[in-house]
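Beneath this line is the structure, given in structure tokens, with notes to follow.
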Amino acid sequence: MASQPVFKRTYVRTKPYPEKKVRIVDELKELFSKYETVLIIDIHETSNRVLQEYRFWLRRRGARVIKAKNTLVLIALRQLMNDVSEDIEKLFTGENLLIFTNENPFEIARWIWGTGVRREAMPGDIAPFDLVAPAGNTNMSPGPIMSKFGKLKIPIKVQDGKIWIVKDTVIVKKGDKINEDAAEILKKLSIRPVFETLKIKAVILRGKYVITADELKLDARTYRSMIEDAVKGAFNLAVNTAYPTPEVLRISITKAYMEAMNLAINARYITPETARYILIKAASEAHALASIIAPKAPELGLQVTQQPQQVKTETEQARAEKKTEEKKETIEEEKKEGPSEEDIAAGFSNLFG
């Protein structure tokens, strides 16, 4: 006997949506249209106190905080965008809170993670630092609670009908788990050692783009380094293309002057500016030639002495005169491609041996 085909049933709603749900969907559609950024917050096991404090702070920043059923949120998005991607659908599981804002998503995420709310410790929490029971009056009356002090090795005494802690005592060391007894004592002592922040799942941008929580975490140092490298590269490119801006022209003019002087000196083009350097170069070359010929042809009677101090002095003077008075910022790429004032002096030195 042939097996019967199995048909998948698709639910089709026949009854109209309740008026309350319609109002919620309409409100969500309006918020998605008004705000560019929506943060999806996982509020599972998040204390009500933390939620209330964040609600207060977020409202002061101009954000709207909404808690709605996942199905209604998806209905609103489908009606507004005609389609919802699988990445967005996956976000709407469990208990969620929606934060609507026009702030930069990276900035508000950084603020949320950097702004913690103190809460009471719960069993299983990890101590963020050494948790200390301070010496003094606990305002607790003697009773069964004294046994918990004993378990935690907290020295106590009864004075004036109250429990007193004899000395400051570490209850839980940093990095250790907080057990039930420690959590109860910390609560009785009004110590709230845990900083809790909202757990961001992701951000929906303009109703269609998803930025995950990991992508929202920026390394400021890395990006600063990238920006600095980009500035150096842009400045270097501008210098080499002689792009006319106030910052670049100073370097470009200096570079052009150096290249023009080098060309004129090597071409023996006499001008008031180049004559002295051409003579210095000629003297240097003549001295070098004489140093080679003298040992091989003594009959010529060439007497080669050290270069006159005058030549050295004039060379050093040339270097000094080529240094501009303005100081440039030290940029490594600029040193390689765009000439510095020291490079100009060194260039003349190379020309003259």
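The values are calculated or read from the model by the stated rules, or taken from the named source; none is laboratory data. What you see is a predicted model, and the numbers here were worked out from it, not measured in a lab. Neighbour counts run over all protein chains shown; Cβ positions are idealised from the backbone, glycine included. These accessible areas exclude ligands, DNA and RNA; they are computed on the full protein's heavy atoms, side chains included. Shrake-Rupley method; radii C 1.70, N 1.55, O 1.52, S 1.80 Å.
In angstrom, the C-alpha Rg and Dmax of the stretch 45-195 are 22.1, 72.
Extension gain for the segment residue 33 to residue 83, taken as residue separation times 0.36 nm less the Cα-Cα distance, is 16.5 nm to one decimal. Applying 0.36 nm per residue to the separation of residue 135 and residue 228 and subtracting their alpha-carbon distance, the gain on full extension is 28.3 nm. What the Cβ-Cβ distance of residue 240 and residue 264 gives, at R0 = 30 Å and to the nearest 0.05, is a FRET efficiency of 0.85. Within the assembled protein chains, the solvent-accessible surface assigned to residue 243 is about 140 Å², based on a 1.4 Å probe. Note on the stretch 125-193: along the principal axes its Cα atoms extend 36, 20, 19 Å, ordered by decreasing extent. Label-to-label distance for residue 205 and residue 159 is 6.1 nm, based on points extended 7 Å past Cα in the beta-carbon direction.
Were the residues from residue 253 through residue 221 laid out at 0.36 nm apart, the gain over their Cα-Cα distance would be 8.1 nm. What is the distance in Å between the Cα centres of the stretch 241-261 and the stretch 37-75? Centre-to-centre distance over Cα atoms comes out at 57 Å. Here the stretch 219-295 is treated as a sphere whose radius is the Kirkwood value from Cα pairs; by Stokes-Einstein at 4 °C and 1.567 mPa s it diffuses with a coefficient of 81 µm²/s. Placing a label point 7 Å from the Cα of residue 95 along the Cα-to-Cβ line, the residues of the stretch 31-48 whose backbone N sits under 12 Å from it are 42-48.
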